[in-house]
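Contents: one structure, followed by commentary.
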């Protein structure tokens, strides 16, 4: 479903602020894979997702989604294949627009925007049904401006928008990190439910090692712009947080002491 | 001071205010919907009138001249949109560049003269300041402009409810979300800027006919008047208008109020040369209201010990 070959990205090349964010990423995801990604700050987790989404173009390498080479496609064209949820709840929705308008925008992802009506009655009914899955009471507030919702509600809505039109690949960039623990658990539960129901291929970045082990069928650890650990199936299920910490220590040496705080 | 002269001036202020209201609706599209400050309008507010008046002077019909004025506005908006999106120039600077270039273009259109007159007696003008009293309704300047306002509001209400219109609103509200939902934000910004400037050029064509001439400086400060109308609409009608169409109507009403206030201060004896300074001050004050409110309210909360961490 996703094939990344030799992707490299350097920011501010040739300046004092040069940052080699990705130094050669190779990754292949099969259909239905649900991969969790962990790693310290600056490991390149978000950068990898942004490279796939096309926020900027990569310096080297190829990105292929479901057989289509998207390496040179602009972000808005790749959106056709991707569902995305961001860390900041403000990023994923249009605050000045209504809940139903946001959903209508999302349901037209990858389609040309014509002069047909932006939303119709049949859609509204469909959105009501979909919103019920979130169990947040949003199904009765279709015309509420999204800016009035809480962070958790907005994040749940973004998740729904990302999956309203089945994406080839779902990209979750620490989408529960900014939420309180209870809301985070709820959003994570909804995530699991939707991924299982639609058999989605997904990549989820998380700072929480327990979550990384508990969710998905595969786990990737990143460090300094490369993938240093890739485990799946039964081996992943047997993992413990201590295993991951050991793995991380082995890979990063001295820096472990600093990063332990962040990872644990 | 004679109250009669003020009352006499009111119908004219209403008609002129409504024409500027159309312009303000154009400004609303960029300033509120797209979240861009587009300074092109200072140039476009002359371009439309120049194109319309010169074409009519050369024997073209009224509808053709109005449509060409609108098209000229679309082109001006495209220039700014292209400079901003394809060339990466900040929106404000892109607008200033187009506006500056338009000054020369406007002079060219007006055959090198800073002023071109058109007489309502010899040409079939759709609005004129002479047709404001003692004329049948369909000729009345206020009525004619009001029809234009209503039609434009209806068309925009429809347009911003379409898929494309929603995509443009999303672009202004949250560009990164829009791209993630497959919306071509650059193209939408260009479309929005074109539409806005087309409407401003149409207002310009109406204003030139209303006053019976086009002047190279008639657009100077247009953006400030547009912003004033948008802000007045928010302050006075903000709580009443939740629907998009009524918001646009409120903007037009805001421009009328602006012009009535202007008539009032002129009547009070203000030197007409000081008007622009007054406008700038009023808009500056209103634009700073949100910040001042925040500071003042926060101060109150701290005093009361109710401030949140």
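What follows is calculated from the coordinates using simple rules that are stated; it is not laboratory data. All values derive from a computational prediction rather than experimental measurement. Reconstructed Cβ throughout: ideal geometry from the backbone, glycine too, with neighbour counts over all protein chains shown.
For the Cα atoms of chain A, what angle does the longest principal axis make with the long axis of helix A:181-198, in degrees from 0 to 90, nearest 10?
The angle comes out at about 80 degrees.
Rounded if a/c is under 1.5, else prolate if a/b is larger than b/c, else oblate: which is the range B:1-99, with a ≥ b ≥ c the root eigenvalues of its Cα gyration tensor? Working shown, then result.
On the way: a/c = 2.91, a/b = 1.43, b/c = 2.03.
It is oblate, given that a/c is not under 1.5 and a/b is not larger than b/c.
Full-extension gain between residue A:185 and residue A:117, please, as 0.36 nm times their residue separation minus the C-alpha to C-alpha distance. Numbers along the way, then the final one.
Details: separation 68, 0.36 × 68 = 24.48 nm, distance 3.68 nm.
Length gained, residue A:185 through residue A:117: 20.8 nm.
Averaged over A:80-90, how many beta carbons belonging to a partner chain fall within 10 Å of each residue's beta carbon? Working shown, then result.
Numbers: counts 1, 1, 2, 2, 5, 1, 3, 0, 1, 0, 3.
Per-residue shielding by partner chains comes out at 2.
Sort A:192, A:173, A:135 so the one with the fewest other Cβ atoms within 10 Å of its own Cβ comes first. Intermediate values should be presented prior to the final figure.
Numbers: A:192 16, A:173 23, A:135 12.
The fewest-first ordering by Cβ neighbours comes to A:135, A:192, A:173.
With a 10 Å cut-off between alpha carbons and a GNM built on chain B, which of B:218, B:45, B:187 moves the most?
Of B:218, B:45, B:187, the most mobile in the Gaussian network model is B:187.
Determine, from the Cβ-Cβ distance of residue B:122 and residue B:147 and an R0 of 22 Å, the FRET efficiency 1/(1 + (r/R0)^6), rounded to the nearest 0.05. Can you show the working numbers first?
Details: r = 24 Å, r/R0 = 1.09.
Computed FRET efficiency for residue B:122 and residue B:147: 0.40.
Which of A:226, B:291, B:179 has the fewest other C-beta atoms within 10 Å, and how do the rest follow up to the most? Don't jump to the answer; show the numbers that get you there.
Numbers: A:226 15, B:291 9, B:179 24.
Ordered from fewest to most neighbouring Cβ atoms within 10 Å, A:226, B:291, B:179 come out as B:291, A:226, B:179.
In the protein assembly as shown, what % of DSSP beta bridges are antiparallel (nearest 5)? Mind showing how you got there, number by number?
Working: 26 of 42 bridges.
Close to 60 percent.
With both bridge residues required to lie in the range A:2-263, what share of the DSSP beta bridges run antiparallel, to the nearest 5%?
Values: 22 of 38 bridges.
The answer is about 60 percent antiparallel.
Residue A:241 versus residue B:294, label points 7 Å from Cα toward the beta carbon: distance in nm?
Spacing of the two 7 Å Cα→Cβ label points: 3.8 nm.
Can you give the extra length, in nm with one decimal, that the chain gains between residue A:145 and residue A:95 once fully stretched, where that is 0.36 nm per residue apart less the Cα-Cα distance?
On the way: separation 50, 0.36 × 50 = 18.00 nm, distance 0.65 nm.
In short, 17.4 nm is gained.
Taking a label point 7 Å from the Cα of residue A:214 along the Cα→Cβ vector, which residues of the range A:155-178 have an amide N closer than 14 Å to it?
Within reach of a label on residue A:214, which here means backbone N under 14 Å from a point 7 Å along Cα→Cβ, the range A:155-178 contributes A:176-177.
Quickly estimate the mean residue ellipticity at 222 nm for chain A, helices only: each DSSP H run with n ≥ 4 gives -39500 (n - 2.57), and the total goes over all residues, rounded to 500.
On the way: 10 runs with 99 residues, N = 264.
The helix contribution divided over chain A gives -11000 deg cm²/dmol.
For A:150, A:242, which order do you get if you count the other beta carbons within 10 Å of each Cβ and list the fewest first? Walk me through the numbers before you get to the answer.
Details: A:150 13, A:242 10.
With the fewest neighbours first, A:150, A:242 line up as A:242, A:150.
So what is the calculated 222 nm ellipticity per residue for chain B, using -39500 (n - 2.57) for each DSSP H run with n of 4 or more, over all residues, to the nearest 500 deg cm²/dmol?
-24500 deg cm²/dmol
Under a 10 Å cutoff between Cα atoms, tell me which one of B:114, B:180, B:72 has the largest fluctuation in the Gaussian network model of chain B.
Evaluated over chain B, the most mobile residue of the options is B:180.
Place a label point 7 angstrom from the Cα of residue B:71 along the Cα-to-Cβ direction, then list the residues of the range B:90-106 whose backbone nitrogen is under 20 Å away.
B:102, B:105-106
Please say if chain A is rounded, prolate or oblate, where rounded means a/c under 1.5 for a ≥ b ≥ c the square roots of the C-alpha gyration tensor eigenvalues, and otherwise the choice is prolate for a/b larger than b/c and oblate otherwise?
The shape class here is prolate.
So if we plug the beta-carbon distance of residue A:77 and residue B:114 into 1/(1 + (r/R0)^6) with R0 = 60 Å, what FRET efficiency do we get, rounded to 0.05?
Values: r = 48 Å, r/R0 = 0.80.
About 0.80, to the nearest 0.05.
Assign one of three labels to the range A:1-76, namely rounded, prolate or oblate, based on the Cα gyration tensor with a ≥ b ≥ c the square roots of its eigenvalues; rounded applies when a/c is under 1.5, prolate when it is not and a/b is larger than b/c, and oblate otherwise.
On the way: a/c = 2.19, a/b = 1.41, b/c = 1.55.
Oblate, because a/c is 1.5 or more while a/b does not exceed b/c.
Please give the helix A:151-164 orientation as an angle from the longest Cα principal axis of chain A, in degrees from 0 to 90, rounded to the nearest 10.
80
Just to confirm the number: angle between the C-alpha axis of helix A:121-134 and the first principal axis of chain A, 0 to 90 degrees, nearest 10?
For helix A:121-134, the angle is close to 40 degrees.
Have a look at A:248, A:11, A:86 and tell me which one the Gaussian network model of chain A (Cα, springs below 10 Å) gives the largest fluctuation.
A:11
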